[in-house]
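Here is the structure we will look at.
The values are calculated or read from the model by the stated rules, or taken from the named source; none is laboratory data. Note that the coordinates shown come from a computational prediction; the quantities given were computed from them, not determined experimentally. Cβ placement follows ideal geometry from the backbone for every residue including glycine, while neighbour counts extend to all protein chains displayed.
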Amino acid sequence: MRYLLILLFSGAISSAFAQTRVVAECTVTYAITINNEEALDKDALSLLKQSVKTVYIKGNHSRSDLISPSFSQSLIFNKASGDAAILREIGANKFLTKMNAAQWAKQNDKFSDLTIQFTDERKAILGYDCKKAIIQLKDGSTFSVFYASNIVPSVKEFEFQFKDIPGFVLEYEARDGYTQKIIYTATKINLNPVPGGKFDIPTTGYRLLNQ
């Protein structure tokens, strides 16, 4: 009986750990929508619908690409060093901003001291059972995320505000700087290896901007 209990207990522990898997190689594509399309003119709405966000994760590295017909922006982050770089392309103009760990933390100061409220609400995204959490910033503003608790990215900081979310965020809200809520929803997850070159920071072709 004693050995049976030990086996059952060991099995329960193994099962619990097996339920959460760290994803260290993946590419995730997010569609972009807005909560109130009527508030945008046709041109702005068309640009938004043609925009897409792609997140690449490989070990301690992450890259987030936001591509639209009028501009593109990439954020490359190294979890091991805490360094980050932002690449922006507007027409023929290319800009590069490099940040060390301290500058990156300052860039994301608005996300410091945030609080997370976990709820019972759930929804399925790409076959993953996702739980809802509400994040409140120190300025009082709130936004919601849906995260898959059975997978965890090796770099949660592909969005700094997600670093304390216990899972992979597959849908989240952001604001456009005014009143509109922009919603990012994962439409595809590719678990194939990501080329290491995705995380190289260009040394030429970009105008270096000071942080």
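For the reader, a short list of remarks on this structure follows.
- Options 170, 208; residue that is within 15 Å of the chain's Cα centre (by Cα) and of a type outside the set (D, E, K, R): 170
- Residues of segment 104-125 that turn out to be of a type outside the set (Ser, Thr, Tyr), within 8 Å of residue 137 (Cα to Cα) and surrounded by 12 or more Cβ atoms within 10 Å (Cβ to Cβ), as a count: 3
- Selection count where residues are closer than 20 Å to residue 115 by Cβ and of a type in the set (Gly, Ala, Ser), scope segment 151-171: 1
- Whichever residue in segment 164-201 is surrounded by fewer than 19 Cβ atoms within 10 Å (Cβ to Cβ) and among the aliphatic types (A, V, I, L, M) and, among such residues, is modelled with the lowest pLDDT: 174
- Residue selection: residue 133 satisfies the criterion of being within 29 Å of residue 49 (Cβ to Cβ) and at pLDDT 95 or above.
- Listed by first and then second residue, the pairs with beta-carbon distance under 9 Å, at least 6 apart or on different chains, first residue in segment 22-47 and closer than 27 Å to residue 147 by Cα and of a type in the set (Asp, Glu), second assigned to a helix (DSSP H, G or I) and at pLDDT below 65, are 37/45.
- For segment 58-113, taking the residues that are closer than 24 Å to residue 165 by Cβ, polar (S, T, N, Q) and in a loop (DSSP other than H, G, I, E, B), the one that is modelled with the lowest pLDDT is identified as 112.
- Pairs where the first residue, in segment 56-78, is on the phi > 0 side of the Ramachandran plot and the second is surrounded by fewer than 21 Cβ atoms within 10 Å (Cβ to Cβ), C-beta under 7 Å, 6+ apart: 59/24; 59/154
- A single member of 68, 72 is touching a Ser or Thr at 6+ places or on another chain (Cβ under 6 Å) and surrounded by fewer than 16 Cβ atoms within 10 Å (Cβ to Cβ), and it is 68.
- Residue 34 vs. criteria at pLDDT below 90, surrounded by 17 or more Cβ atoms within 10 Å (Cβ to Cβ) and in contact with a Lys or Arg (Cβ under 9 Å, 6 or more places away or on another chain): yes
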